[in-house]
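Taking it in order: structure first as structure tokens, then the write-up.
None of the figures in this text is laboratory data; all of them are computed from the coordinates on show. Note that the structure is a prediction, hence the values are computed from the model and not measured. All Cβ positions, glycine included, derive from the backbone under ideal geometry; neighbour counts span all protein chains shown.
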Amino acid sequence: MMILLIGSGAREHAIARALARSPQKPTTVCFASNNNPGIQELSAYFTMGDIKNPQAVVSFAQQYGADLAIIGPEAPLEVGVADALLDAGISTVGPKKALAQIETSKGFTRDLLKKYNIPSCPRYRVFSSLDGVSEILSELGEKYVVKFDGLMGGKGVKVAGDHLLSHEDAISYCQEMIKRGGKFVIEEKLIGQEFSLMSFSDGDHLAHMPPVQDHKRAYVGDTGPNTGGMGSYSDSNHLLPFLTEEDIVQAQEFNQATIDALKKEFWEGYKGILYGGFIATVDGVKLIEYNARLGDPEGMNVLPLLESDFVEVCLGIVNGNLNQKDISFRNQATVCKYAVPEGYPDSPVKGEPIDISEITETSQLYYASVDMQDGQLYEAGSRTVAYVGIAETLSEAEAKAEAEISKVRGPLFHRTDIGTEELIQKRVEHMYKLRC
Ligand code: AMP
Ligand code: GLY
């Protein structure tokens, strides 16, 4: 079987590894946006091109006779790469453009949840002018969030008390978005603990992955600017220490209700991965956002634990029989830590050499935004490499990840606190205080 992988970050490196473990021994070809030596090693053909150009992707797929395509990142989904591949007769893991609005438009998602009475939605309104902005801000008081209604890599969201210190600040951010010609959403600020619950979807049936907690802030102690995610962990019991089992069941039910709503709305199924970014609050689990793909870093936590054949999972997604597949994950804890360029995310250094030669156990080292020239690895300006510690307990997994990621040499930094008992205990106490 010939499988086309689109994208070339650490998440796609994890996908390539999951494919390589398949007993069906598929051949992987990769249409990449950067030179990822990890994926290159696992691919029969590796070509760099514009992954946001549907025709370029289809031509590559046809050139190599791809039977199945897997779209890693959100950008190709937004421009209809799945639609173009399906039109060319290539089965695709990744939703069509209209269904991918679940990620690409925050307003669309909020309206969908409201229309289908899915009780995961905070109070919100969608705007394209300042009309009504002051009113909703007065209603919400100090508890508001303002979001650009489009893909911004997490950077279009501004939260009261964090990035916006007054209603005047909020209004000037709204004006900025109006100037850019975009819509925006103002919604209630939710207080609680965030977690990610990703599900494989064949349009009707879901297979849920273990929940994961990501860390968006750049620096130790959850300080500094928001990033694409500095690291993440999952626990061996497939729960999270600050959540109840009911919280996770609730999130799974929200994902199923959303898939059902999408089918009713578009008369066709969502085939790919639905990633719910949830928050556990005193009023139950609420949805912060949906993504239409695997999380990065969350994908690196769950894919290495997948006991089942990933190719079978993909076939279940595209053929609509995911419910007939046996999908299970190993009961182990994982901690993923990213090393990122100095200055990331606002002014990252770029083009600097890095050295990973001290890492001896490379099976859980994932390449992300790197470049390789004449055998030398360089930072390419975003999250650089990730390491996933896998063990029976979270503390052992954390110790492994910390030991290995610390061996990466160069102008980089990582968060030493991700997955530590101290930080996890803080999350547990925060949730306990809210609930009592
Ligand atoms: P998003 O791109 O929607 O995931 O937002 C990025 C980050 O902003 C989230 O991970 C949250 O930390 C924060 N955020 C977004 N929406 C809300 C909300 N309604 N209440 C509290 N925090 C939020
Ligand atoms: N972990 C955040 C994301 O994948 O969007």
Binned Cα-Cα distance frequencies in region 311-355 - 5 Å width, integer %: 5, 14, 13, 9, 8, 9, 10, 16, 12, 3
Contact order relative to length of the chain, as percent, for alpha carbon pairs under 8 angstrom and 6 or more apart: 16
Span per principal axis, largest first, for the Cα atoms of region 359-424 (Å): 40, 21, 15
Residue (of Ile317, Val249, Tyr290) at the positive-pole extreme of region 214-320, dipole from beta-carbon charges: Tyr290
At 0.692 mPa s and 37 °C, Stokes D of the chain from Kirkwood alpha-carbon radius, µm² per second: 149
Span per principal axis, largest first, for the Cα atoms of region 1-142 (Å): 58, 29, 27
Computed Kirkwood radius, in angstrom, where 1/r is averaged over Cα pairs of region 76-121: 11.5
Lysines with Cα under 26 Å of Lys350, excluding same-chain neighbours fewer than 8 positions away: Lys52, Lys155, Lys216, Lys337, Lys407
Pairwise label distance in nanometres, Gln63 with Ala399, each label 7 Å out on the Cα-Cβ vector: 4.9
Kirkwood Rh, angstrom, region 283-436 [1 / mean 1/r, Cα pairs]: 17.8
Whole-angstrom gap from region 367-424 to region 22-67, using each part's C-alpha centre: 26
Using a Förster distance of 56 Å, the FRET efficiency for Ser347-Lys115 (Cβ separation, nearest 0.05): 0.85
Fraction of beta bridges assigned by DSSP in the chain that are antiparallel (%, nearest 5): 80
Mean ellipticity per residue at 222 nm, deg cm²/dmol - from DSSP H runs of n ≥ 4 across the chain, formula -39500 (n - 2.57): -9000 deg cm²/dmol
Order of His205, His13, His414, His163 under a 10 Å beta carbon neighbour criterion, fewest first: His163, His205, His414, His13
Candidate lysines - alpha carbon under 24 Å from Lys114, same-chain residues fewer than 8 apart omitted: Lys96, Lys97, Lys106, Lys143, Lys147, Lys158, Lys183, Lys189, Lys263, Lys264, Lys271, Lys286
Mean Cβ count within 10 Å, highest first, over the residues of peptides 332-344, 74-86: 332-344, 74-86
³J(HN,Hα), Karplus 6.51/-1.76/1.60, whole Hz, each residue of region 413-419, x for Gly, Pro: 9, 9, 8, 6, 8, 5, x
In sequence order, calculated HN-Hα J values of region 71-83 (Karplus, 6.51, -1.76, 1.60; Hz; x Gly/Pro): 9, x, x, 7, 4, x, 5, 4, 9, x, 5, 5, 4
Proxy reagent accessibility, fewest Cβ within 10 Å first, across Asp235, Asp169: Asp169, Asp235
Ascending count of other beta-carbon atoms within 10 Å, so fewest first, for Ile359, Ile317, Ile51: Ile359, Ile51, Ile317
Cα Rg over Rh - region 235-359, Kirkwood: 1.03
3J(HN,Hα) from dihedral phi, region 175-189, Karplus parametrisation 6.51/-1.76/1.60, rounded to Hz, x for glycine, proline: 4, 4, 5, 5, 4, 5, x, x, 7, 8, 10, 10, 9, 5, 7
Rounded to the nearest 20 debye, dipole of the chain from Cβ charges on Lys, Arg, Asp, Glu: 720
